[in-house]
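The values are calculated or read from the model by the stated rules, or taken from the named source; none is laboratory data. Worth saying up front: this structure is predicted, and the values here are computed from it rather than measured. Backbone-built Cβ (ideal geometry, glycine too); neighbour counts: all protein chains shown. To get the accessible areas, we keep the full protein, side chains included, count just its heavy atoms, and leave off ligands, DNA and RNA. Shrake-Rupley method; radii C 1.70, N 1.55, O 1.52, S 1.80 Å.
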Amino acid sequence: MGKTVITTDFGDVKVGGIILPGTFQKLEVESDAKVDEVDVKGKSVKPKQATGYEDAKVKFTLIIRPNNKEDEYTQLAKIQRLFRKPQVFDIVNKHVNTRGVRKIIFKKLTTQEDNKSNVLLVTCEFWEYIPITLKAGKAGKNNNKKKSKKAN
């Protein structure tokens, strides 16, 4: 099997074969519609036109605490190494798959700490990946002639 992001029944998040350190806190899936506004003379309100959808965002939030083997920063370094290797992952998660998301890329890594504890709050943000297939066509004079005839 290829590179995959999986959430297990035990609350682990597994990315590309590596179980992320920390305790799984929450999963969030966000998607937005693309909307264009049109200027209409004499109207103060701009009509809106839906034009499609933005790529979905999938966020996993983890809490990292020091354990018997590693401090919180050593654990965070494992996630940082994954983030620095850009690649496409298949995602296996009922919630995410129900939203129509099947492939994702690791887009953003956010970490937070406070001055009261040695706990890190880590958010791994993945963006939906939709490959674009381009068809090769004939380029050159023939295509330009067809366009010129249509314009006349």
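Structure above, values below:
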{"quantity": "Sulfur and carbon atoms: percent of accessible area, the chain [1.4 Å]", "calculated": "50 percent"}
{"quantity": "Separation in nanometres of the label points that stand 7 Å from Cα toward Cβ, at Lys14 and Gln112", "calculated": "2.9 nm"}
{"quantity": "Nearest-0.05 FRET efficiency for Arg84 and Leu121, computed from C-beta distance (R0 22 Å)", "calculated": "0.65"}
{"quantity": "Distance in nm between pseudo-label sites at Val35 and Asp71 (7 Å out along the Cβ direction from Cα)", "calculated": "4.8 nm"}
{"quantity": "Probe 1.4 Å, protein heavy atoms only - accessible area per residue of the range 1-110 in square angstrom", "calculated": "68 Å²"}
{"quantity": "Normalised contact order of the range 1-140, rounded percent, pairs of Cα under 8 Å and 6 or more residues apart", "calculated": "23 percent"}
{"quantity": "Tilt relative to the chain, helix 141-151 - C-alpha long axis, 0 to 90 degrees, to 10", "calculated": "70 degrees"}
{"quantity": "Too-long pairs where the Cα-Cα distance tops 23 Å, listed order kept, from Lys26/Lys69; Lys34/Lys135; Lys3/Lys57; Lys57/Lys135", "calculated": "Lys26/Lys69; Lys34/Lys135; Lys57/Lys135"}
{"quantity": "Where labels lie 7 Å past Cα in the beta-carbon direction, separation of Arg102 and Gln49 in nm", "calculated": "3.1 nm"}
{"quantity": "Relative packing of peptides 22-30, 81-89 - highest average C-beta neighbours within 10 Å first", "calculated": "22-30, 81-89"}
{"quantity": "Degrees separating the helix 72-83 axis from the principal Cα axis of the chain, which is the longest one", "calculated": "30 degrees"}
{"quantity": "Gln25/Lys94 FRET efficiency (R0 25 Å; Cβ-Cβ; nearest 0.05)", "calculated": "0.90"}
